[in-house]
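What follows is a set of notes on a single structure, which appears directly below.
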Amino acid sequence: MKSLEELKAIRERMQNKVILREGGAEKRIVVGMATCGIAAGARPVLNTFVEEIANRGLTGSVEVSQTGCIGMCRFEPIVEVFEGEQRVTYVHVDPAKAKEIVEKHIVGGEPIVEYTVGSAEK
Amino acid sequence: MKELSLNILDIAQNSIHAEARLVRILITESDETLKLEIMDDGKGMSEEFLNRVTDPFSTTRTTRKVGMGLPLLKLAAEQTGGSMSVTSRERALYPETHGTEVTAVFYKKHLDFTPLGDVISTVVSLVQGSPEVDFLFVHELGEKRVELDTRDIREVLGDVPLSSPDVLVWIRESLIEQYGYSE
């Protein structure tokens, strides 16, 4: 059994970070996790974002959250990236695209136009 | 759904939307059958809604009028020769004991049995999405018992959120260890 001691160590480490996080995340990644999203493959996409953000040490500045159906089921898995007033909607996302979105958009600051809903609808 | 664990993720979201504080997910397997129970202490459903809840054209959602979660689980169970049932007590009538239970039985040897799949990712995804809700996950496979109770974890963590990446990794590794997978 994983020890509760390890959890205590996590708590000690995190308690300092929590204070930092109260400023709020600069970027938000929202993954559609309704029936349509889940059936289309949203779960591994969500977990890829969670891992990538953690591995790159972006936990304080980027928040990963889940949402329901936004009425475009045929485009699921759908991922929205919010930054200030800007919203970019990515469609048909898979784990490989999720990694690329973190690298190019979240870290690099350049949205990947070809994966957006605007490109898909053309 | 390609995996039963995806149905579990989907159905457990209903409990979260119903303002559950504790969601219990119990999987009991024998050689022949897999029983899935998802039980919550959420606001429950009226008898009238309960009667049409497995109809794909009923939903609580306001954006559109189609809800596919329970019908999909019912189909997955019935196509193996099994069944699904839902009981519920709404908060207005049952202030102490409100909540909903979904029970589904699957026959594992049937050709149309959908494998359970990556249930660990389902548990991690639920905690990530709703760190304020408690989850009890118990999977009994014959002699083996895998268990995770976020109430225990929360007690140790204090005010550190359960959705912290390090905590999610701990949960994933704890489940992997209990299942006896080697990575």
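Each reported figure results from applying straightforward, stated rules to the coordinates on display, with no laboratory input. Note that the structure is predicted; figures quoted are calculated from it, not measured. We place every Cβ from the backbone using ideal geometry, glycine too, and count neighbours over all the protein chains shown.
In table form, for the structure just shown:
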{"item": "Within 10 Å of each Cβ in A:41-48, the average number of Cβ atoms from other chains", "result": "4"}
{"item": "FRET efficiency, B:Val156 to A:Glu121 (Cβ-Cβ, R0 51 Å, nearest 0.05)", "result": "0.60"}
{"item": "GluC sites (Glu not before Pro) restricted to DSSP loop in the range A:1-103 with at most 10 other C-beta within 10 Å", "result": "A:Glu22, A:Glu85"}
{"item": "Simple spin-label estimate for A:Asn55 and B:Thr28 in nanometres, 7 Å along Cα-Cβ", "result": "4.0"}
{"item": "Fewest-first ranking of B:Ser5, B:Ser83, using other Cβ atoms within 10 Å as the exposure measure", "result": "B:Ser83, B:Ser5"}
{"item": "For A:Arg74, A:Arg28, B:Arg154, order by how many other beta-carbon atoms lie within 10 Å, fewest first", "result": "A:Arg74, A:Arg28, B:Arg154"}
{"item": "Fraction in percent of alpha-carbon pairs per bin - 10 Å, the protein assembly as shown", "result": "6, 26, 33, 25, 9, 0"}
{"item": "The range A:25-31 - phi-based ³J(HN,Hα) in whole Hz, Karplus 6.51/-1.76/1.60, Gly and Pro as x", "result": "6, 7, 10, 10, 10, 10, 9"}
{"item": "Set of lysines near A:Lys97 by C-alpha distance (under 20 Å), chain-local residues within fewer than 8 positions excluded", "result": "A:Lys27, A:Lys122"}
{"item": "Relative contact order (percent, whole number), chain B, Cα cutoff 8 Å, 6+ residue spacing", "result": "25"}
{"item": "Taking the C-alpha atoms of chain B, convex hull volume expressed per residue in Å³", "result": "135"}
{"item": "Rounded FRET efficiency, nearest 0.05, which uses the C-beta distance separating B:Ser85 from A:Leu4 and R0 of 35 Å", "result": "0.40"}
{"item": "Residue exposure sequence - A:Val79, B:Val156 - by fewest surrounding Cβ within 10 Å", "result": "B:Val156, A:Val79"}
{"item": "For the protein assembly as shown, share of DSSP beta bridges that run antiparallel, in % to the nearest 5", "result": "75"}
{"item": "Efficiency of FRET from Cβ geometry, B:Lys35 and A:Gln15, R₀ 41 Å, rounded to 0.05", "result": "0.50"}
{"item": "Amide H contacts of B:Gly82 (H built 1.01 Å from N, under 5 Å, at least 5 apart or other chain)", "result": "B:Tyr107"}
{"item": "Kirkwood Rh (inverse of mean 1/r, distinct Cα pairs), chain A, angstrom", "result": "15.3"}
{"item": "222 nm mean residue ellipticity, helices alone, for the protein assembly as shown (DSSP H n ≥ 4; -39,500 (n - 2.57); rounded to 500)", "result": "-10500 deg cm²/dmol"}
